[in-house]
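Structure first, commentary second.
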Amino acid sequence: SWSLGGGTPQAPAGGRARSCPVRVMGPAERSSGDGAADTFHIVSFRWHHVQDPYIIALWILVASLAKIVFHLSHKVTHVVPESALLIVLGLFLGGIVWAADHIASFTLTPNVFFFYLLPPIVLDAGYFMPNRLFFGNLGTILLYAVIGTVWNAATTGLSLYGVHQTGIMGDLNIGLLDFLLFGSLIAAVDPVAVLAVFEEVHVNEVLFIIVFGESLLNDAVTVVLYNVFESFVTIGAENVTGVDCVKGIVSFFVVSLGGTLVGVAFAFLLSLVTRFTKHVRIIEPGFVFIISYLSYLTAEMLSLSAILAITFCGICCQKYVKANISEQSSTTVRYTMKMMASGAETIIFMFLGISAVNPDIWTWNTAFILLTLVFISVFRVIGVVIQTWILNHYRMVQLGIIDQVVMSYGGLRGAVAFALVALLDQNKIKAKNLFVSTTIIVVFFTVIFQGLTIKPLVQWLKVKKSEHREPKLNEKLHGRAFDHILSAIEDISGQIGHNYLRDKWTNFDRKILSKVLMRRSAQKSRDRILNVFHELNLKDAISYVAEGERRGSLAFIRSPSTDNIVNVDFSTPRQSAVEASVSYLLREKAGSVCLDMQALEQRRKSIRDTEDTVTHHTLQQYLYKPRQEHRHLYSRHEIIQNEDEKQDKEIFHRTMRKRLDSFKGTKLGINRSKKHNKIHKRDRGQRKRNSNVIPNGKIPTENPVQNFTLKEKGNCCAKEPGIDNPVFSADDDQSIYVKFPPWLSNEDTVVPSQRARVQIPYSPNNFRRLTPFRLSNKSVDSFLLADGPEERPRTFLPESTHM
Amino acid sequence: FLSLFLLLVTSEQIEHLHRRFKQLSGDQPTIRKEHFDNIPDLEFNPIRSKIVHAFFDKRNLRQESDGLADEINFEDFLTIMSYFRPIEMNMDEEQLDHFRKEKLKFLFHMYDSDHDGKITLQEYRNVVEELLSGNPHLEKESARSIADGAMMEAASICVGQMEPDQVYEGITFEDFLKIWQGIDIETKMHVRFLNMETIAQCH
């Protein structure tokens, strides 16, 4: 039989050498396996030809199908973490394979694990790492990662050695160094396991980032300890000198800092490259993955910490890559990364289960296994407590008892330990099988038992949960104010503090780094506050449409002008109606709202006429336009985009301005002069692009208070203050919207549908941002009247439409 | 309040602050606004004027009167600094609440520049424009729009549904507290060096 990347591992030299060749059935075997070829075979079964890729694809399929099956039962997944389920499944499948073949055909081999399964998970972690939180707690994380891991390794190894000396374990062929080696590989908290379990537990972000950061950063320590002890074992216990020990310590710094630098260098390269990919949008996502993967392999090649490299590559490049690449590429990167990480995680756990079904490796030693379990738990608790006590002297936000409990309990071991132990050389370390068995038991214990019980524990201890809250604009603003205030206080008091450093970094970033690494267009709009603001407006726009649909006012979008054909009752939301609703369509596109009629067209089956498109255009007029609309031209190499940012801004500002008449400081007496009206009557035929149509455009900035008087001037043609949209004026020709297909016409003219002219769409008053709070007394605004007690279709004086 | 603060800060830290005070004031007993110009890093802070202003704001200095002081002495300096002390583990609910209110009041005074107890739209706009002035690519228009949006958000939190005739005057301190309800400001608004060690008061 064969195995995925099987074969005997050769002696590692320096780093984690993976020289396990994949045994592939060569062409010679294939042809000989076909038997005597004496006639022409029309069809032949060429299993050996496709064997390897087929098996791989099949396993991936099995893993994914398993995931589907698990999630069918919500009750089960609520209690049992997915990782545990996958391990059990793996055991089951392994059992089947073994029963069929009596040979362990499939195992999780270190090669496959370290080269293909681990990088996506770590890259995903790094790319989506909340940087501010991470660097804010970096001191804590480093302490746990470095000191904590060394502590765990030392204490576990030495204790096991001590117990071994007493003879309880029986006579094992293990020396002190072997114990230390084992300690070092079992000590490390595993990022894959931590992610898998903590994902379902939802502890607060500080706690999560500490445990997770620790699991990522301890790789350097693990690598160094593992290599050091392994080479010591090779050299022989007697020959180890002080120099070697010193070299070990030095190698720690080299490995960790070197790995980090490699990661940062590749992040720089990646950011720089994405700056120039404007014309090759289609392959943009590819760069992210390739360059990150290269950073991993490069660090591996130089025997530095590969996990650190790819983590920091992800962490450092986040900001610039997200700024440079297009919206669609960003979505692609996001989804692909998540998919690969999730897939890799699934395969890892499943194969952990399968690999366990291998009687050849099983060596049972009750004392050893039991004691290992006890020691790693106990020493972890002790380590966490001591370190937290030290840290609390320096931390602003203290870590309480509950946090410490979660941290100790959340120190899970996982596949990294297993892969490392599988990498050991049988010839040098005689007790390899014992180690492997113990590691399997430990991993299973932590993932299954601790994974199962951590959720109830967290609930029982009432751990502060993460708050999934919409980022409030005020929060962002005040947060920004805080940063400045705090760094000012630090400046004034002459201290170099946290805020001072962050301030310096932000300045450096803005002045130098962003200029080099970010596209010029991206530099402008990268302020986070602006992003939040845009998002909020988008959300409002969507809920506006949804609300309108719900109340039936946007019925004209859904039903055609002839009432007979479609008679839909909108008062109750129906499941089937969801498919076609505009808001559904808007919502489903993650991040890129497409109000393009043509795109929507393809999804709907109802009858369209100009009316609908006109109304759509009306909507589009007033809502913040999405970042891109892409036309469906099939082209391998291009996605054509709509570049009218300037227009976006205009609509944006216009919309905001209109909302503000409620505040005392900006009382808008809508001052329209007669002149405007005349111009409009004249220009009806022409589509002049100016903002006269929405006369609100001029908010006097000098003295808002004095606008009160303008109202009384009486030169408004409309008696009421309000937006005077000449297009809505009663008497003019109705054929406007027929003559000019709206999407070709000027943006500024609003051509209402027939129905809209009679019945202005309701606009609900119960969302927060777009609703004006107070309008003038005489306004006949649809907002206000829409929420009146009676729900009657009303004919408005068409002069005023605040939408 | 100040004495409580002094009880909880080491003499070492007070000494350090005193040295700094002397450095800023040029060995004089009081500091004026101009003395803050000597701090080089403060130049780049976008809301520097508001922060310096806060030091001289009589409301922050716990004086009964209103308006701006011309100069402050070391005790006043410490008073302002005391707004930034971190919370302690052993504080009870009432203390925490008081603590929080104090910090929020400091913030409120910073925004409310005309001392009328309300943050009006114009004042809010000022603050936001200043805050975002550090970003050269952000136009004044956009900054203003953001301020407006934030104000509306604040109003919707504080007042909820407004009647058509209602006018929203501005954010009062109670409203301000409401905005900050879910967010734990105590853990965010402090400076590290004012870490607590329980040693006797300064001399």
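The values are calculated or read from the model by the stated rules, or taken from the named source; none is laboratory data. Here the structure is a predicted model, which is why all the values come from computation and not from measurement. Cβ placement follows ideal geometry from the backbone for every residue including glycine, while neighbour counts extend to all protein chains displayed. Keep in mind that these areas ignore ligands, DNA and RNA; they rest on the heavy atoms of the full protein, side chains included. Shrake-Rupley method; radii C 1.70, N 1.55, O 1.52, S 1.80 Å.
Each row is one residue, and each column tells you yes or no for (1) of a type in the set (A, V, I, L, M); (2) at pLDDT 80 or above; (3) in a helix (DSSP H, G or I).
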site	(1), (2), (3)
B:Glu88	no, no, no
B:Met91	yes, no, no
B:Gln122	no, yes, yes
B:Pro136	no, no, no
B:Ala143	yes, no, yes
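Going through the range A:199-255 one residue at a time, which ones are under 17 Å from A:Val416 (Cα atoms) and touching a strand residue (DSSP E or B) at 6+ places or on another chain (Cβ under 9 Å)?
A:Val211 - this is the single residue of the range A:199-255 that is under 17 Å from A:Val416 (Cα atoms) and touching a strand residue (DSSP E or B) at 6+ places or on another chain (Cβ under 9 Å).
Would you confirm whether any residue within the range A:254-274 is open to solvent by 40 Å² or more (accessible area, probe 1.4 Å) and touching a His at 6+ places or on another chain (Cβ under 8 Å)?
No; the residues of the range A:254-274 include none that is open to solvent by 40 Å² or more (accessible area, probe 1.4 Å) and touching a His at 6+ places or on another chain (Cβ under 8 Å).
Residue by residue through the range A:320-332, note down the ones that are surrounded by fewer than 20 Cβ atoms within 10 Å (Cβ to Cβ) and either in contact with a Pro (Cβ under 6 Å, 6 or more places away or on another chain) or outside the structural domain of A:Ala125 (by the TED database) (or both).
A:Thr332
Looking at (1) open to solvent by less than 40 Å² (accessible area, probe 1.4 Å); (2) in a helix (DSSP H, G or I), find the lone condition where A:Val189 falls short.
(2)
Looking only at residues that are outside any helix (DSSP H, G or I) and open to solvent by 10 Å² or more (accessible area, probe 1.4 Å) in the range A:498-525, which one is farthest from the other protein chains (Cβ to nearest Cβ)?
A:Arg519
Of the numbered conditions (1) within 10 Å of chain B (Cβ to nearest Cβ); (2) of a type outside the set (S, T, N, Q); (3) touching a Lys or Arg at 6+ places or on another chain (Cβ under 7 Å); (4) not in a loop (DSSP other than H, G, I, E, B), A:Met396 fails exactly one; give the number of that condition.
Every condition holds for A:Met396 apart from (4).
This table checks each residue for (1) closer than 30 Å to A:Ser437 by Cβ; (2) crowded, with 17+ Cβ neighbours inside 10 Å; (3) acidic (Asp, Glu).
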site	(1), (2), (3)
A:Met301	no, no, no
A:Phe312	no, yes, no
A:Gln318	no, yes, no
A:Arg334	no, yes, no
A:Ser342	yes, yes, no
A:Ser355	yes, yes, no
A:Ile376	yes, yes, no
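Looking for something modelled with pLDDT of 90 or more and surrounded by 23 or more Cβ atoms within 10 Å (Cβ to Cβ) - is there at least one such residue anywhere in the range A:364-372?
yes
Could you please find all residues in the range A:157-176 being assigned to a loop (DSSP other than H, G, I, E, B) and touching a residue at least 60 places away in the same chain (Cβ under 8 Å)? Give the steps one after another, and end with the answer.
Taking the range A:157-176 first, the residues assigned to a loop (DSSP other than H, G, I, E, B) are A:167-175.
Once the filter is applied, which keeps residues that are assigned to a loop (DSSP other than H, G, I, E, B) and touching a residue at least 60 places away in the same chain (Cβ under 8 Å), the range A:157-176 yields A:Ile168, A:Met169, A:Gly170, A:Leu172, A:Asn173, A:Ile174, A:Gly175.
Just the residues that are open to solvent by 10 Å² or more (accessible area, probe 1.4 Å) and touching a Ser or Thr at 6+ places or on another chain (Cβ under 6 Å), please, taken from the range A:192-222.
Once the filter is applied, which keeps residues that are open to solvent by 10 Å² or more (accessible area, probe 1.4 Å) and touching a Ser or Thr at 6+ places or on another chain (Cβ under 6 Å), the range A:192-222 yields A:His202, A:Asn204, A:Glu205.
Mind checking whether some residue in the range A:160-167 is at pLDDT 90 or above, of a type in the set (A, V, I, L, M), open to solvent by 20 Å² or more (accessible area, probe 1.4 Å) and out of contact with any strand residue (DSSP E or B) (no Cβ under 9 Å at 6 or more places or on another chain)?
No - not one qualifying residue is present in the range A:160-167.
With (1) closer than 30 Å to A:His202 by Cβ; (2) polar (S, T, N, Q); (3) at the interface with chain B (Cβ under 10 Å from one of its Cβ atoms); (4) surrounded by fewer than 20 Cβ atoms within 10 Å (Cβ to Cβ) as the list, and A:Thr453 as the residue in question, which single condition is left unmet?
With (1) closer than 30 Å to A:His202 by Cβ; (2) polar (S, T, N, Q); (3) at the interface with chain B (Cβ under 10 Å from one of its Cβ atoms); (4) surrounded by fewer than 20 Cβ atoms within 10 Å (Cβ to Cβ) applied to A:Thr453, the lone miss is (3).
How many residues does the range A:39-76 contain that are touching a residue at least 12 places away in the same chain (Cβ under 8 Å) and under 31 Å from the mean Cα position of the chain (by Cα)?
Looking only at that region, the number is 10.
Looking for something assigned by the TED database to the domain that holds A:Val421 and either more than 30 Å from A:Gly400 (Cα to Cα) or acidic (Asp, Glu) (or both) - is there at least one such residue anywhere in the range A:206-213? Reasoning before the result, please.
Residues of the range A:206-213 assigned by the TED database to the domain that holds A:Val421: A:206-213.
Filter once more, keeping what is either more than 30 Å from A:Gly400 (Cα to Cα) or acidic (Asp, Glu) (or both): none.
Scanning the range A:206-213 turns up no residue that is assigned by the TED database to the domain that holds A:Val421 and either more than 30 Å from A:Gly400 (Cα to Cα) or acidic (Asp, Glu) (or both).
Residue by residue through the range A:168-186, note down the ones that are surrounded by fewer than 18 Cβ atoms within 10 Å (Cβ to Cβ) and of a type in the set (S, T, N, Q).
Passing the criteria: only A:Asn173.
Taking the range B:12-60 on its own, how many of its residues are open to solvent by 70 Å² or more (accessible area, probe 1.4 Å), at the interface with chain A (Cβ under 10 Å from one of its Cβ atoms) and of a type outside the set (S, T, N, Q)?
The total comes to 4.
(1) at the interface with chain A (Cβ under 8 Å from one of its Cβ atoms); (2) at pLDDT below 70: which one isn't true of B:Ala155, the others all being true?
It is condition (2) that B:Ala155 fails.
Residues to consider are A:Ser231, A:Ser256, A:Ser292; find the one that is of a type outside the set (Val, Ile, Thr), assigned by the TED database to the domain that holds A:Phe115, over 34 Å from the mean Cα position of the chain (by Cα) and part of a helix (DSSP H, G or I). Step through it out loud before you land on a result.
Numbers: A:Ser256 fails: over 34 Å from the mean Cα position of the chain (by Cα); A:Ser292 fails: over 34 Å from the mean Cα position of the chain (by Cα).
Result of the check over A:Ser231, A:Ser256, A:Ser292: A:Ser231.
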